[in-house]
Amino acid sequence: MKKLILTLTLCINLIVGANAQSMERPFSLGIYGGLTQYNGDLGQGIYDFSQTAYGHIGLGVGWYVNPHWDFAMNASFGDIGYAEKLAKSFHAQQIQWNGHFNYNILTSDNHKLIPYLLGGIGVSYLSKTEVKSGADFYVPFGFGVRYKLTDQINVSFQETYAYTDHDNRDGEVHDNNDGFAMHSFGIAYTFSGGKDADNDGVSDKKDHCPNTPAGVKVDLQGCPLDKDGDGVADYLDSCPDVKGTILAKGCPDKDGDGITDAADKCPDVFGIVSMKGCPDKDGDGITDIDDMCPNVKGLASMFGCPDTDGDGITDATDGCPSEKGTKEMNGCPDKDADGISDKDDKCPDVAGVLANKGCPEIKEETKALFTKALQGIQFETGKNVISKSSFPILDNVAKVLNDNPSYLLGIGGHTDNSGDAAQNMTLSQNRADAVKTYLVNKGIATSRLTATGFGQTIPVADNKTAAGKAKNRRVEFKVSF
């Protein structure tokens with residue numbers, strides 16, 4: 001009959017709920033029941049179900065400490081006993097209380113089935129015993145497993161072992177103190193700690209972050225966890241284990257440009273997203289580290305330098321940055337391909353020589369004409385009137401100038417040393433001017449002609465002889481460009 005009653009007790013009463021609470025529901029109240037088995041000098045009765053079974057029933061309360069730790073207090077009433085097959089026996093009623101900590105191996109945050117360990121201190125009072133009644137202190141320890149039926153209701157199975165500080169409740173005094181084990185099933189209901197608008201397990205009164213999104217893990221103040229302490233909550237932090245910046249979504253960003261160091265090609269220099277974290281001061285789409293002209297907008301083909309005329313030579317090294325040229329001419333054009341750039345070529349459309357500033361060589365017949373003119377241009381004695389015999393020579397000179405528009409002609413007037421030097425200087429100037437006027441009248445632009453009188457200052461022969469004086473009286477032509 002006793003075994004039937006105890007079996008019904010096990011079915012009706014479920015285990016202690018003192019370890020069923022959470023941050024969201026920090027307080028629990030439960031009932032439990034099960035079997036109590038004796039262990040002592042009379043024999044080892046734990047797990048010996050050949051002995052008469054004795055039941056217990058009790059209440060349990062618990063408080064949440066943190067996800068892994070709970071504190072619980074249990075009180076129960078029941079019988080305890082043991083009977084030898086041939087001789088001695090022991091039976092008593094037992095009231096016990098204990099307080100203990102539970103260590104949850106798995107937490108209720110992520111698991112429904114939660115194993116735990118327990119340990120604490122308790123008091124046991126035995127009465128109606130055939131031997132000796134009284135109170136004993138004992139140390140409870142054990143293990144259990146809890147299953148969450150709902151957020152409020154938990155069922156559990158728990159094994160509690162206890163050793164008392166006495167050795168005489170069973171009538172035998174030997175070397176072993178009396179002890180017992182409790183095998184219990186139970187049910188517990190957990191109570192909310194107060195209104196919790198964001199359902200994060202922290203009541204609104206204590207919640208420093210009352211609007212935390214659903215499902216986000218929080219600390220004891222109700223704020224989202226921030227393991228690396230960078231001000232970015234773990235659920236928003238792309239690098240939750242490394243301290244970063246808000247702008248870089250919680251990842252390190254040494255240069256503060258909003259691009260994480262891991263993705264930043266220039267992690268030590270403030271840059272822009274389009275340049276993968278590198279700067280581009282001139283905005284030409286070429287990073288400063290690759291830009292040979294970082295302060296001037298340029299072309300990728302020119303390594304970031306400008307090339308205004310598009311000739312493949314950067315403006316900085318281009319002798320003619322606004323005109324398309326060649327590398328051989330340092331970026332300048334050379335239309336006549338004579339090796340002299342147009343900007344230095346006095347005859348850019350006709351191939352020439354460097355000595356003539358890009359103009360063609362002076363023809364031999366032109367040189368011969370100018371040589372003939374030295375003595376061939378004659379004036380009336382002491383005057384600046386050109387002799388008619390000199391007109392054919394001057395007409396040929398005019399033709400040469402017309403045929404060679406790049407020629408600039410210098411006209412030099414010279415005298416011998418006869419007479420006053422000052423007067424000779426004036427006479428030579430007037431004669432040079434007379435030649436210039438003649439050529440202008442033949443259609444030569446004044447701008448192409450220069451007339452200079454040198455008087456007797458540049459003799460080419462000895463003035464002591466008549467032949468020498470004749471050579472010194474002359475008109476010289478010099479072509480320039």
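The values are calculated or read from the model by the stated rules, or taken from the named source; none is laboratory data. Fair warning: this is a prediction, and the values are worked out from it, not measured in the lab. Neighbour counts are summed over all protein chains in view; Cβ atoms, including those assigned to glycine, are modelled from backbone coordinates with ideal geometry.
For segment 204-257, filtered to residues that are within 30 Å of Cys278 (Cβ to Cβ) and of a type in the set (Ser, Thr, Tyr), the residue that is surrounded by the most Cβ atoms within 10 Å (Cβ to Cβ) is Thr245. Does Val479 fit the bill of being in a loop (DSSP other than H, G, I, E, B), hydrophobic (A, V, I, L, M, F, W, C) and modelled with pLDDT under 95? Criteria not met by Val479.
Would it be correct to say that Asp338 is surrounded by 13 or more Cβ atoms within 10 Å (Cβ to Cβ) and farther than 30 Å from Gly419 by Cα? Taking the combined requirement at face value, the residue satisfies it. Determine whether Asp167 is surrounded by fewer than 18 Cβ atoms within 10 Å (Cβ to Cβ), farther than 13 Å from Gly40 by Cβ and not small (Gly, Ala, Ser). So Asp167 does not fit the description; no. Of all the residues in segment 341-352, those that are closer than 20 Å to Asp318 by Cα and crowded, with 16+ Cβ neighbours inside 10 Å number 4.
Among the residues of segment 144-186, those identified as of a type in the set (A, V, I, L, M, F, W, C) and within 22 Å of Gln94 (Cα to Cα) are Phe157, Ala162, Val173, Phe180, Ala181, Met182, Phe185. Checked against (1) in contact with a Pro (Cβ under 7 Å, 6 or more places away or on another chain); (2) more than 22 Å from Thr36 (Cα to Cα), Asn98 passes all but condition (2).
Looking only at segment 369-426, which residues are under 16 Å from Leu439 (Cβ atoms), in contact (Cβ under 8 Å) with a residue 60 or more places away in the chain and assigned to a strand (DSSP E or B)? Leu408, Leu409, Gly410, Ile411, Gly412, Gly413 - these are the residues of segment 369-426 that are under 16 Å from Leu439 (Cβ atoms), in contact (Cβ under 8 Å) with a residue 60 or more places away in the chain and assigned to a strand (DSSP E or B). Taken over segment 440-461, the residue count meeting the criterion of being among the charged types (D, E, K, R) and part of a loop (DSSP other than H, G, I, E, B) is 1. Against the condition assigned to a loop (DSSP other than H, G, I, E, B), at pLDDT below 85 and acidic (Asp, Glu), how does Asp345 come out, does it pass? Considered against the rule, which asks whether it is assigned to a loop (DSSP other than H, G, I, E, B), at pLDDT below 85 and acidic (Asp, Glu), Asp345 comes out as yes.
Could you check, for segment 302-316, whether at least one of its residues is over 30 Å from Ala470 (Cβ atoms), hydroxyl-bearing (Ser, Thr, Tyr) and either without any contact (Cβ under 8 Å) to a residue 40 or more places away in the chain or outside the structural domain of Leu394 (by TED's automatic domain parsing) (or both)? Within segment 302-316, one or more residues are over 30 Å from Ala470 (Cβ atoms), hydroxyl-bearing (Ser, Thr, Tyr) and either without any contact (Cβ under 8 Å) to a residue 40 or more places away in the chain or outside the structural domain of Leu394 (by TED's automatic domain parsing) (or both).
Report whether or not Gly304 is buried (at least 18 other Cβ atoms within 10 Å of the Cβ), at positive phi and not acidic (Asp, Glu). Answer is yes for this residue. From Asp280, Asp264, Asp288, Asp284, which residue is part of a loop (DSSP other than H, G, I, E, B) and under 23 Å from Cys320 (Cβ atoms)? Sole residue among the options that is part of a loop (DSSP other than H, G, I, E, B) and under 23 Å from Cys320 (Cβ atoms): Asp284.
When we screen Leu236, Leu247 for residues that are more than 30 Å from Pro306 (Cβ to Cβ) and free of Cβ contacts under 8 Å to residues at least 12 places away in the same chain, the only hit is Leu247. Is it true that Phe49 is assigned to a strand (DSSP E or B) and of a type in the set (A, V, I, L, M, F, W, C)? In short, no. Of all residues in segment 165-219, those that are of a type in the set (A, V, I, L, M), closer than 30 Å to Ala75 by Cβ and modelled with pLDDT of 80 or more total 4.
Looking at segment 314-331, which of its residues are within 25 Å of Pro279 (Cα to Cα) and surrounded by 16 or more Cβ atoms within 10 Å (Cβ to Cβ)? Across segment 314-331, the qualifying residues are Thr314, Asp315. Scanning segment 189-217 for residues that are within 18 Å of Val65 (Cβ to Cβ), without any contact (Cβ under 8 Å) to a residue 24 or more places away in the chain and of a type outside the set (Ser, Thr, Tyr) yields Gly194, Lys206.
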